[in-house]
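Data first, discussion second: the structure below is written as structure tokens.
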Amino acid sequence: MKFIFSILVLMLTSVWVSLGQITDTMFVLPEFSVKERRMLYFNAGSNGSAIDTTYIQRNPAATLGDILLHNSTLHVDAYGVGTASVSARGLGSKRTPVIWNGFNLQGVSGHDVDVATIQGFMVDNVQIETGSSSALFGSGAAGGVVYIDNKPMIGTPNQARVNVGMGSYGRYMGGSMVQWGNPNYKGTLRLMYETADNDFAYQADYLNPKTKEVTHVDTTQVNAARHQFELMSDHHIRINPFHSLQVHLWFQDVNRQIAPTVKDVVGKKTADALQLDQNYRASTQWSYRKGIVNTAVRTALLTTRTHYTKPSTGEDTQTDGNSWITEAEATVNPADELSFNMGVHYTYEDCESSSYGSWNERNRGAVFGSTRYQNDQSGTRVTLNGRLEHIEMEKYPFTWTVGLHQAIVGPLALVAKAGTSYRVPSFNDLYWVSSYAVGNPNLKPEEGINYEAGLQLKLASDGVKLEAGTSLFGMDMKNWMNWAPREDGMYTVMNIDSAKIRGFEAQGVLTLGTEQQSIALRGGYTYLDARDPKTDNYLSYVPMHKGSLSVTGTYNGLQLLVNRTESSKLPVNAANSDYLRGYVVYDCGIYKSVALSTADFNIGLKVQNLTDQQYQNRQYYPMPGRQYLLTLAVRLM
């Protein structure tokens, strides 16, 4: 804790020293993020999409999981309420990292990110890139990347925001944000608190795997309350015309009860499990831009603490993990049509858990490089990326990506990409020790090859804007790490599985009208044929069909939103002997904005699961039925 505190003091001191060098004389320095530019600038052939910032602003109580569920083709696995993970192209959360201001948030212990605990109010932008990005972002970026960031707001007016909300099942939330600064500095402070009882009624069936007897459950969820507090502080500084500095601090405290599953209810097990999660995140980035060279050095400390207890069984597990990440890179533009990017990366990881039996650490280093060629006359853009990583002096697979964006006619373009991916084992995979499971220190990294091709269309004219994209893709994975029982009944993880995935994606946004009066249609669809080639069975919890469609109408400050989300049935085991039924869920909302000279007001009423569907994303984890949420957002200028 003293080490973490020292880092925070160091970062805050750097902000204070830099502020002392800043005057009100405005320096002209274009705002950019080198890391974000690497994702967008050196990633030709990708089918990426950005979440509409209006949706985030009008839904201050939405989590990142909510945002992705209703605005993307990604699959969100929700373990009831309060816990969720995201999966791109059927590869699961461990192969779909969430990147925050250039740093991978996947935890050291399990390589998971709980998108239900990240509030949309805490971020400014959400960008989605599907397909392999390991050559750009390293381990785990096989299915896609969710990129969230806090944009530099230098030059914008100072403002303050207050959000409050209340809803069904004892849900209350409140948040505030204040931005201040001068022409060369902008600081942002955000606070958020939310509490919910989550005591919703549900119905579900439990199938006994031995007797095949079906038990119907009609009850109210218990032991499901959650309390969450978040604090984030961002500082963007122009030191002089060539140098800039960013500092980000983010603290999360999530205290939640672990609700019983349907199986637990049938077995009449005591529901008393609790889990406390605390995340301490601090990062800083120095950037230099002059002439044809852009340089950046960034570092971050990501600390996670998890404490799980279940008094009725005596379980008590404490896990503490740390990641210290440092990266330096430079982008050189020797000509208008040619760019090069090169850099080095180092990560130090350590983790201590009562389930490991010992303290463990790991050193990871990498070198990476990218090339971009663009010919505006022919409409050609080509990118090449490569990355070589070493872990504890052991060489890991070289990963590469080649991408193409080629204009065909008018606003229509052909996009194509091919590359490789990899994922290193988590500390849980390597070192877990308990009475029922044991890790495997001899695991090999997962490896994969990915390829895709599609079309992109971008069209804009008076009162009409259309953006659409399609993609046919394939992925082949080997050394797939999977937990399975041994002959003695103990569970362990081995490189025994593989995966073969073929699919199709389509997404688009059509907007008609003006900013004051418009109608927008947003849709997305994903088809996935994800199988284990050894058995030809479908991969667990990968829907074959996933789609969403939303209609948003705006008229002079009044907005109406209707969203439809659909998923086909989900196989719940490797043998495909049981499935969760598919579902269709409707959400709707009405919002009214009022703009005054010094303040903006937005009041909204949202109804989720309008038709009160009884469904599950994970077997025996029921989702809530119809629920209401009333919000008020105020912006002071």
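The values are calculated or read from the model by the stated rules, or taken from the named source; none is laboratory data. Model, not experiment: these values are computed from the prediction. Using ideal geometry, Cβ is built from the backbone for each residue, glycine included, and neighbour counts are taken over all protein chains shown. Side chains included, ligands, DNA and RNA excluded: accessible areas come from the protein's heavy atoms. Shrake-Rupley method; radii C 1.70, N 1.55, O 1.52, S 1.80 Å.
For region 361-428, which fully contained strands (runs of 3 or more DSSP E) count at least 1 residues that are charged (D, E, K, R), over 28 Å from Q106 (Cα atoms) and touching a strand residue (DSSP E or B) at 6+ places or on another chain (Cβ under 8 Å)?
380-391
N223: among the polar types (S, T, N, Q), surrounded by 15 or more Cβ atoms within 10 Å (Cβ to Cβ) and not in a strand (DSSP E or B), yes or no?
Yes: the conditions hold for N223.
Take the conditions under 30 Å from W432 (Cβ atoms) and loosely packed, with under 14 Cβ neighbours inside 10 Å and apply them to I496. Does it pass?
Taking the combined requirement at face value, the residue satisfies it.
In a strand (DSSP E or B), over 24 Å from the mean Cα position of the chain (by Cα) and over 16 Å from L539 (Cβ atoms): does that describe A484?
no
Filter region 251-294 down to residues that are out of contact with any Lys or Arg (no Cβ under 8 Å at 6 or more places or on another chain) and of a type in the set (G, A, S) and give me whichever is surrounded by the most Cβ atoms within 10 Å (Cβ to Cβ).
So the residue we want is A259.
With open to solvent by 20 Å² or more (accessible area, probe 1.4 Å), among the small types (G, A, S) and either out of contact with any Lys or Arg (no Cβ under 8 Å at 6 or more places or on another chain) or over 19 Å from D253 (Cα atoms) (or both) as the only criterion, which of G131, G170, G102 stands out?
G170
Return the pair list, or none, for Cβ contacts closer than 9 Å from residues in region 526-551 that are in contact (Cβ under 8 Å) with a residue 24 or more places away in the chain to residues that are among the β-branched types (V, I, T) and assigned to a loop (DSSP other than H, G, I, E, B), at least 6 apart or on different chains.
Matching pairs, first to second residue: T526/T73; L528/V542; A530/V542; S540/V572; Y541/V572; K546/T73; G547/T73; S548/T73.
Filter region 335-383 down to the residues that are closer than 20 Å to G321 by Cβ and open to solvent by 30 Å² or more (accessible area, probe 1.4 Å) and list them by number.
Across region 335-383, the qualifying residues are H345, Y346, Y348, E352, S354, G357, S358, W359, E361, N363, R364.
Out of all the residues in region 571-579, is one or more among the polar types (S, T, N, Q) and open to solvent by 50 Å² or more (accessible area, probe 1.4 Å)?
yes
Considering region 318-331 alone, what residues qualify as being more than 17 Å from G110 (Cα to Cα) and open to solvent by 40 Å² or more (accessible area, probe 1.4 Å)?
Listed by number, the list holds a single entry, T326.
Working only within region 411-437, note down all residues that are buried (at least 16 other Cβ atoms within 10 Å of the Cβ), out of contact with any Pro (no Cβ under 7 Å at 6 or more places or on another chain), more than 18 Å from G379 (Cα to Cα) and of a type in the set (A, V, I, L, M).
Passing the criteria: A418, A437.
Could you check region 596-637 and list, in sequence order, the residues that are open to solvent by less than 80 Å² (accessible area, probe 1.4 Å), more than 15 Å from N163 (Cβ to Cβ) and hydrophobic (A, V, I, L, M, F, W, C)?
Within region 596-637, V607, L610, M623 qualify.
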